[in-house]
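First comes the structure, then the notes that go with it.
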Amino acid sequence: MIQIIAALGSLAVLSAYAASQVRWLRTTSLAYILLNLAGSGILAVVAIVERQWGFLLLEGAWALVSLWSVGRLVGGRQARETS
């Protein structure tokens with residue numbers, strides 16, 4: 001079961017990357033960032049469960065960067081809406 005969950009997380013990250021390569025999504029779009037956040041978050045949890053510390057470092061960092069990007073994007077939208 002954990003392998004299916006890991007595969008879904010991987011597919012989220014890979015689909016974001018593929019969509020950016022064929023120019024369906026911009027790397028600055030909320031959809032792209034959320035796909036990365038969801039996928040890397042899932043993979044980070046899998047890494048914890050499987051005690052794969054190097055993989056946790058990679059995916060945890062990826063998730064934190066994605067979360068930071070969501071905050072910047074949403075915060076920027078709110079600032080523009082109130083101006």
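The values are calculated or read from the model by the stated rules, or taken from the named source; none is laboratory data. Predicted model only: the values in this text are computed from it and were never measured. FYI the Cβ positions are ideal-geometry reconstructions off the backbone, even for glycines, and counts take in every protein chain you see. These area figures cover heavy atoms from the full protein model, side chains too; ligands, DNA and RNA do not enter into them. Shrake-Rupley method; radii C 1.70, N 1.55, O 1.52, S 1.80 Å.
Wrap a convex hull around the Cα atoms of segment 25-67, take a quarter of its surface area, and give that in square nanometres. If you can, show how the numbers build up before the last one.
Details: hull surface 10.4 nm².
If you wrap the Cα atoms of segment 25-67 in a convex hull and average its projections, you get 2.6 nm².
Mind checking the log10 I(q)/I(0) for the chain at q = 0.15, 0.19, 0.22, 0.24 Å⁻¹? Debye, one equal scatterer per Cα, no solvent, two decimals.
Debye output, listed in q order: -0.56, -0.80, -0.97, -1.06.
If you roll a 1.4 Å probe over the chain with all protein chains in place, what percent of the accessible area is carbon or sulfur? Provide the component values of the computation, followed by the final result.
On the way: 3930 of 5770 Å².
Reported share for carbon and sulfur atoms: 68 percent.
Read phi for every residue in segment 33-40 and hand back ³J(HN,Hα) as whole Hz from Karplus 6.51 cos²θ - 1.76 cosθ + 1.60, θ = phi - 60°, with x for Gly and Pro.
Each residue's phi maps through the Karplus curve to give 5, 5, 4, 5, 4, 5, x, 5 Hz.
From the residues 76, 12, 36, which one has its Cα farthest along the dipole of the chain in the positive direction, the dipole being from +1 and -1 charges on Cβ of Lys/Arg and Asp/Glu about the Cα centre?
76
With charges only on Cβ, +1 for K and R and -1 for D and E, what is the dipole size of the chain about its Cα centre, in debye, rounded to 20?
Working: 6 positive and 3 negative charges, 61 e Å.
Magnitude of the dipole: close to 300 debye.
Could you give the accessible area per residue of the chain, probe 1.4 Å, as a whole number in Å²? If you can, show how the numbers build up before the last one.
Numbers: 5770 Å² over 83 residues.
Roughly 69 Å² per residue, with all protein chains present.
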